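Step one of this worksheet: look at the structure below.
The values are calculated or read from the model by the stated rules, or taken from the named source; none is laboratory data. Since the structure is predicted, the reported quantities are computational estimates derived from the model, not experimental observations. Cβ placement follows ideal geometry from the backbone for every residue including glycine, while neighbour counts extend to all protein chains displayed.
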Amino acid sequence: MSPIFYNKFAKIIYMMIRRILWKMSRLLYVYVAKPLLFQVSPDKVHRGTIRLTAALGSLSAFRGFTRYVFTRPRDARLVQKYHGVEFETPVGLAAGFDKNGEIIPLVTALGFGFGTVGSVTASQCRGNSRPWFYRLPKTQSLVVNAGLANDGSRIVIERLRHYHPQAIGRFSITLSVAKTNSRQVVDIEAGIADYVTTVRRANKEPRIQMIELNISCPNTYGGEPFTTPDRLERLLSAVDSVRAKQPIYIKMPSNLPWNAFKKLLEVIVTHHVVGVTISNLAKDRSILDLKDPLPDAIAGNLSGKPTVISSNKLIRQTYLTYGDRLTIIGVGGIFSADDAYTKIRLGASLVELITGMIFCGPQLIAEINDGLVRLLERDGYADIGQAVGVDADTCR
Ligand SMILES: Cc1cc2nc3c(=O)[nH]c(=O)nc-3n(C[C@H](O)[C@H](O)[C@H](O)COP(=O)(O)O)c2cc1C
């Protein structure tokens, strides 16, 4: 047997074994783990998952096994570089799942190309009173009302710094930055100072490769003060003055009509901001197609499937208007490779998710990476960059 033939054969066998393991992992998760986990309150499950994932992630043998099963060997078709940061795959973990940077070592092994930690704030914050989460199983959504609970940016950044280099490798970490959710930080100047404090801290930490300013967290004291053009201008001018080394993205709200959204983009493009993450949780329940009862007493905003339509629309409009100036990270309701590819074809260079992983299992990221390669082959693209925005100007 020639070595080339042998190599090809070994590769096929390796991929087959991995696909069987993913399939088993999906079946186990969907038919065994999820029904059991969904009997327990989502707050308890989230806390337990973070503890277990942090513990398992500290074991190098477990990380190695997870990496072997879930991380695709480097595939040039999925690799991209934006603003000096390289992404092994376009699929990242969105802000909010790992609020305190506790599980990054295992996240690196699941096949993600990058991961977001936070949102963190200048001071430690206990968040809103519990419960923070409420499940809508048929709608495939979570109602989120955590209120920016986090250990504070100093502690979280220190935690990231202390991970062993082998546990992180060259994985790209984004720090999501918000303002402390407290009565003392409702004032606009205090809010700006809060963001700037964390950006300064992040600027000193080489492990943080990107910064995302979250201006769209609704369930906090003072609401979303930086979603008006004049206040956003003041915030971004202050952040500019830090001259952060890392590229800066803005996490955008999902509920603004295009005109108002565009006004924010007009401000953003005049500052040291390289891109936008589109978008945050859905807020207006009255316009959402909910398949579960949602009592008014349950506070919070929705993730998952209900975010898809507005996120995709805003990605497309942003790409058409500022595609040459802003890198778009698409987020909201990604449950499959097709969902991720739709966002990419509408203009997102990178994508992120949380809720899909909660509903489908941790193998979802490997499935999406694999599926993206097959979709690229189907459409005759040499790499993922060629697919970005190809559907943006088709009539919708
Ligand atoms: C449990 C949970 C916590 C979240 N917390 C944050 C957060 O702290 N900061 C932020 O910018 N977005 C937060 N989000 C919003 C997500 O980053 C994302 O924009 C939204 O959930 C849509 O993506 P998905 O449908 O893949 O979950 C959170 C979402 C979830 C589900």
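For the subset of the range 1-41 comprising residues that are free of Cβ contacts under 8 Å to residues at least 40 places away in the same chain and small (Gly, Ala, Ser), which member is nearest to Val373 (Cα to Cα)?
Among those residues, the one meeting the criterion is Ala10.
Among the strands (runs of 3 or more DSSP E) contained in the range 125-198, which hold 3 or more residues that are away from the ligand (no atom under 13 Å from the Cβ), in the same structural domain as Ala55 (by TED's automatic domain parsing) and more than 28 Å from Leu288 (Cβ to Cβ)?
On the way: elements: 133-136, 141-144, 172-177.
Strands (runs of 3 or more DSSP E) meeting the threshold: none at all.
Tell me, please, whether a residue that is within 22 Å of the chain's Cα centre (by Cα), assigned by TED's automatic domain parsing to the domain that holds Ile298 and of a type in the set (Phe, Trp, Tyr) can be found in the range 55-75.
yes
Check Gly115 against each of (1) away from the ligand (no atom under 11 Å from the Cβ); (2) in contact (Cβ under 8 Å) with a residue 60 or more places away in the chain; (3) crowded, with 20+ Cβ neighbours inside 10 Å and name the one condition it does not meet.
(2)
Do we have any residue at all in the range 215-228 that's within 30 Å of Glu86 (Cα to Cα), assigned to a loop (DSSP other than H, G, I, E, B), modelled with pLDDT of 95 or more and of a type in the set (Ser, Thr, Tyr)?
Scanning the range 215-228, I find no residue that is within 30 Å of Glu86 (Cα to Cα), assigned to a loop (DSSP other than H, G, I, E, B), modelled with pLDDT of 95 or more and of a type in the set (Ser, Thr, Tyr), so the answer is no.
Between residues in the range 77-93 that are under 16 Å from Leu106 (Cβ atoms) and residues that are among the acidic types (Asp, Glu), which pairs lie under 7 Å by C-beta distance while being six or more apart or on different chains?
The qualifying pairs are Gly92/Glu352; Leu93/Glu352.
Have a look at Leu294, Leu264, Leu302 and point out the one that is under 13 Å from Thr318 (Cα atoms) and either in contact with a strand residue (DSSP E or B) (Cβ under 9 Å, 6 or more places away or on another chain) or modelled with pLDDT of 95 or more (or both).
Leu264
I'd like to check something: does the range 161-183 contain any residue that is farther than 19 Å from Ala54 by Cβ, among the hydrophobic types (A, V, I, L, M, F, W, C) and surrounded by 16 or more Cβ atoms within 10 Å (Cβ to Cβ)?
Checking the range 161-183: at least one residue is farther than 19 Å from Ala54 by Cβ, among the hydrophobic types (A, V, I, L, M, F, W, C) and surrounded by 16 or more Cβ atoms within 10 Å (Cβ to Cβ).
In the range 155-194, how many are touching a strand residue (DSSP E or B) at 6+ places or on another chain (Cβ under 6 Å) and either free of Cβ contacts under 8 Å to residues at least 60 places away in the same chain or under 20 Å from Val276 (Cα atoms) (or both)? Break it down into steps so the answer makes sense when it comes.
Taking the range 155-194 and keeping what is touching a strand residue (DSSP E or B) at 6+ places or on another chain (Cβ under 6 Å), we get 156, 172-178, 180-181.
Next, from what is left, pick out any that are either free of Cβ contacts under 8 Å to residues at least 60 places away in the same chain or under 20 Å from Val276 (Cα atoms) (or both): 156, 172-178, 180.
Qualifying residue count, the range 155-194: 9.
Among residues belonging to the range 63-87 that are surrounded by 15 or more Cβ atoms within 10 Å (Cβ to Cβ) and at pLDDT 95 or above, point out the one that is farthest from Val144 (Cα to Cα).
Restricting attention to the range 63-87, the residues satisfying the condition of being surrounded by 15 or more Cβ atoms within 10 Å (Cβ to Cβ) are 63, 66-67, 69-72, 75, 77-80, 82, 85, 87.
This time we only want the ones that are at pLDDT 95 or above, so: 77-80, 82, 85, 87.
Details: Arg77: 35, Leu78: 31, Val79: 32, Gln80: 32, Tyr82: 30, Val85: 30, Phe87: 28 Å.
Only one residue tops the list, namely Arg77.
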